[in-house]
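The structure appears right after this line, and notes come after that.
The values are calculated or read from the model by the stated rules, or taken from the named source; none is laboratory data. Predicted model only: the values in this text are computed from it and were never measured. Cβ: placed from backbone, ideal geometry, glycine included. Neighbour counts: every protein chain shown. Heads up: the accessible areas ignore ligands, DNA and RNA and are worked out on the full protein's heavy atoms, side chains in. Shrake-Rupley method; radii C 1.70, N 1.55, O 1.52, S 1.80 Å.
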Amino acid sequence: MTATPTPTVVIVPGLRDHVADHWQTHLAEQFDAVRTVPPLEHDGLSRAARVAALDEVLAPVAGPVVLVAHSAGVLTTVHWARNPTRQIHGALLATPADLERPLPEGYPSVRELERGGWLPIPRRRLPFPSILGISSNDPLADRRHVAGLAEVWGSRPVDLGPVGHLNPASGHGYWPRAEELVRQLLGSRQTERAVS
């Protein structure tokens with residue numbers, strides 16, 4: 001009997017890339033096999049460049065993978081999933097930003113995002129099990145919009161309550177629930193059956 005390889009957790013950050021006190025940074029410390037999509041040195045708003053960076057991180061991983069994406073990292077993940085280059089065991093998709101509507105000051109405009117290739121947001125079933133964390137008061141996305149994405153992506157929606165955008169700016173650094181949700185994806189075949 002052969003042992004199943006330990007799944008690798010792949011962190012897919014949003015447009016702000018690595019943030020020291022972000023829950024994804026803390027989560028990476030909880031697992032042995034972790035890889036993170038690195039910040040882009042050029043073309044930071046290019047969807048194609050971000051999808052290629054994710055693909056580059058995934059390429060050398062031999063065993064199963066669980067993706068952990070936040071904000072625009074969720075959109076990177078669903079764009080990558082249109083033409084996946086490998087199987088994915090599961091994905092935690094947390095508080096995706098609604099890039100189809102104007103974001104608050106300090107974020108890219110809809111026009112910049114459109115030029116970067118982010119729009120339209122893909123709306124078809126993902127080819128892997130996923131959990132979609134929904135905030136009830138996210139300044140970057142309406143709750144109903146995100147629930148609609150969960151439905152079209154075939155994701156299991158999880159109500160996170162009033163967590164803002166689930167980032168340090170909304171008071172969320174270490175987020176223990178992330179580890180719980182990732183462990184559900186790592187170990188539960190029920191999740192896989194529920195979305196297939």
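Output the residues belonging to segment 86-100 that are among the aliphatic types (A, V, I, L, M), under 23 Å from Arg143 (Cβ atoms) and without any contact (Cβ under 8 Å) to a residue 60 or more places away in the chain. Explain how you work it out, then say what you get.
First pass over segment 86-100, keeping only residues among the aliphatic types (A, V, I, L, M): 88, 91-94, 97, 99.
Restricting the remaining residues to those that are under 23 Å from Arg143 (Cβ atoms) gives 91-94, 97, 99.
Scanning segment 86-100 gives a single hit, Leu99.
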Condition check for Gly90: of a type outside the set (Asp, Glu) and out of contact with any helix residue (DSSP H, G or I) (no Cβ under 6 Å at 6 or more places or on another chain): no
Residues being within 15 Å of the chain's Cα centre (by Cα) and assigned to a loop (DSSP other than H, G, I, E, B): count how many of those fall in segment 28-38. 2
Based on what the data block shows, is Ser109 under 17 Å from the mean Cα position of the chain (by Cα) and polar (S, T, N, Q)? no
Of the residues Val10, Val57, Val78, Val65, which is open to solvent by less than 20 Å² (accessible area, probe 1.4 Å) and touching a Leu at 6+ places or on another chain (Cβ under 6 Å)? Val10
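Here's the yes/no breakdown for (1) free of Cβ contacts under 8 Å to residues at least 60 places away in the same chain; (2) in a loop (DSSP other than H, G, I, E, B); (3) more than 17 Å from Trp118 (Cβ to Cβ):
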residue: Gln24; (1), (2), (3): no, no, yes
residue: Gly44; (1), (2), (3): yes, yes, no
residue: Ala49; (1), (2), (3): yes, no, no
residue: Ala52; (1), (2), (3): yes, no, no
Considering segment 54-83 alone, what residues qualify as being over 11 Å from the mean Cα position of the chain (by Cα) and in a loop (DSSP other than H, G, I, E, B)? Ala59, Pro60, Val61, Ala62, Gly63, Pro64, Ala81, Arg82, Asn83
Those residues of segment 23-51 that are open to solvent by 40 Å² or more (accessible area, probe 1.4 Å) and over 22 Å from Val182 (Cα atoms) come to a total of 8
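Based on this model, can you work out whether His18 counts as open to solvent by 20 Å² or more (accessible area, probe 1.4 Å) and at pLDDT below 90?
yes
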